Amino acid sequence: MKMSDDIVRGLRTILGGVFLVAGVVACGGGSGEVANGGKVANRGVTDTEIVLGVYTDLSGPTAIWGVGATNAARMRFDEVNAVGGVHGRKIRYVVEDTSYQVPKAISAANKLVNRDNVLAILLGVGTPLNNAIMPMLFENNVPNLFPISGGRQMVEPFHPLKFTQRGIYYDEVRASVKYFVEQQGKQKACVVYQDTDYGVEILEGARDQLEAMGQTLAAVTAHKPTDSEFTSTILKLKNANCDLVLMGTVHRDTILVLDAARKMGWGEVAWVGNNAAYAQVIADQASGEGYYSFVHMAKIYADDDMSPAVRAWWDSYVERYSSEPGLAAMEGYRGAALTVEALQRAGRDLTTEGLVKAIESIDSYTDIFGYTVSFGPDKHSGASESVLSQVRDGRWVKLTEAIGY
């Protein structure tokens, strides 16, 4: 379908040009294919390159995830490009900062899909941001690969273009409750959560597992992500005699909650978080001592005994970015490595459908860190177990190797 110059100018005026390319693609039947010099090629694929993109947080409250994951993904892609790319094509990774704001994320995704014409989105940060953007991605036949989110919506309901490599918050919280009640004898479970999609998922996981075990929550308290005062929160939990607190928090509010409890002299309680609140910045706080977290990958320290492959990766990251890699970098590197593996399996005749089938063919994939993920035609969530870690003497210490859910 060809548009006249007047129509094109009119669309640019009305829509700011954002959806123009999407309109042209839609005329092709919504298959994700675009015209290219009279030939038909899959979006994001040319004779010489494969274009991937990401909307991520490089400057907002979850930048610790966005920066680390993006840095490591770039590192993996550069390694591949240095030896000729994948089937003769170099990988170009287009990164857009969202500052963890949904409107910015929507704008960034529109650019990536309609202007950069990406083959797939890789490592997008944030549950609410991914939730807001996935419908637009799928309308344009763009897969959402390995988002930095454990929200159930990343894989539920099932969609052929959804894939995740990390644990699902809901499942991990249920595993947490079961473990602490059965293994540590906790009797009064409570929840503190931020009132977001992510926080509500933590609440639901804890409530559902307790119900399955014939118990109920002793107390629940919610807060806004921007709240900074948690004295009343701690008083409510303390008065309920909570001995287990499941935390639907991220880095900042986790620290503030734990600090408020320490100042009030409240001990003898297990504070349990997850991937969203697992970082060295928490372990560095005096109030973080004893805090638990269920994670799909455990943090590495410079003086740990590493395999040659991991040591080389560590040294390369430090040399390139002048900082030590954290869990976000581990996740970003594996996400990029999984994508490279899928691109290699998909072959030279790369299409969106071929990429999806290639990911589904990855079974029992073990990354350089020693963790295994598996996918299949009906299984787009790669992980099925988590590691329990605890802060001890300012360091994250892995307590158990694998807890299934």
Within segment 245-265, identify whether any single residue is in contact (Cβ under 8 Å) with a residue 60 or more places away in the chain, surrounded by fewer than 21 Cβ atoms within 10 Å (Cβ to Cβ) and more than 14 Å from Gln390 (Cα to Cα), and answer yes or no.
-> yes
Selected residue [within 30 Å of Leu122 (Cα to Cα), modelled with pLDDT of 95 or more and not assigned by TED's automatic domain parsing to the domain that holds Gly44] from Ala212, Ala240, Ala222, Ala206 | Ala206
Test Leu338 against the stated conditions and say whether it is within 30 Å of Asp303 (Cβ to Cβ) and either at pLDDT below 95 or surrounded by 20 or more Cβ atoms within 10 Å (Cβ to Cβ) (or both).
-> yes
Of all residues in segment 325-355, which are part of a helix (DSSP H, G or I) and either in contact with a Pro (Cβ under 6 Å, 6 or more places away or on another chain) or not aliphatic (A, V, I, L, M) (or both)?
-> Glu331, Gly332, Tyr333, Arg334, Gly335, Thr339, Glu341, Gln344, Arg345, Thr352, Glu353, Gly354
Lone qualifier among Glu229, Glu201 - being under 28 Å from the mean Cα position of the chain (by Cα), acidic (Asp, Glu) and in a helix (DSSP H, G or I) | Glu201
Please tell me if Tyr301 is assigned by TED's automatic domain parsing to the domain that holds Leu145 and touching a residue at least 40 places away in the same chain (Cβ under 8 Å).
-> no
Do you know which residues across segment 166-198 are in a loop (DSSP other than H, G, I, E, B), of a type in the set (Lys, Arg) and farther than 23 Å from Asn131 by Cβ?
-> Lys186, Lys188
The lone exception for Thr400 - which of (1) modelled with pLDDT under 95; (2) surrounded by 18 or more Cβ atoms within 10 Å (Cβ to Cβ) it fails | (2)
The condition of being free of Cβ contacts under 8 Å to residues at least 24 places away in the same chain and either out of contact with any Ser or Thr (no Cβ under 7 Å at 6 or more places or on another chain) or crowded, with 23+ Cβ neighbours inside 10 Å (or both) holds, among Val113, Val125, Val83, Val94, only for Val83
Counting only residues in segment 192-237 that are touching a residue at least 40 places away in the same chain (Cβ under 8 Å) and over 17 Å from Ala277 (Cα atoms), the one surrounded by the fewest Cβ atoms within 10 Å (Cβ to Cβ) is identified as Thr233
Selection from segment 82-104 of residues within 19 Å of Asp349 (Cβ to Cβ) and of a type in the set (A, V, I, L, M) yields Val86, Ile91
Report, by residue number, each residue of segment 160-191 that is surrounded by fewer than 22 Cβ atoms within 10 Å (Cβ to Cβ) and among the aliphatic types (A, V, I, L, M).
-> Leu161, Ala175, Val181
Subset of segment 368-387 [surrounded by 20 or more Cβ atoms within 10 Å (Cβ to Cβ) and in contact with a helix residue (DSSP H, G or I) (Cβ under 7 Å, 6 or more places away or on another chain)] = Phe375, Ser386
Looking at segment 213-220, is at least one residue outside any loop (DSSP other than H, G, I, E, B) and not hydroxyl-bearing (Ser, Thr, Tyr)?
-> yes
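The values are calculated or read from the model by the stated rules, or taken from the named source; none is laboratory data. What you are looking at is a predicted structure, and each value in this text was computed from that prediction instead of being measured. Note that we place each Cβ from the backbone using ideal geometry, even for glycine, and neighbour counts take in every protein chain shown.
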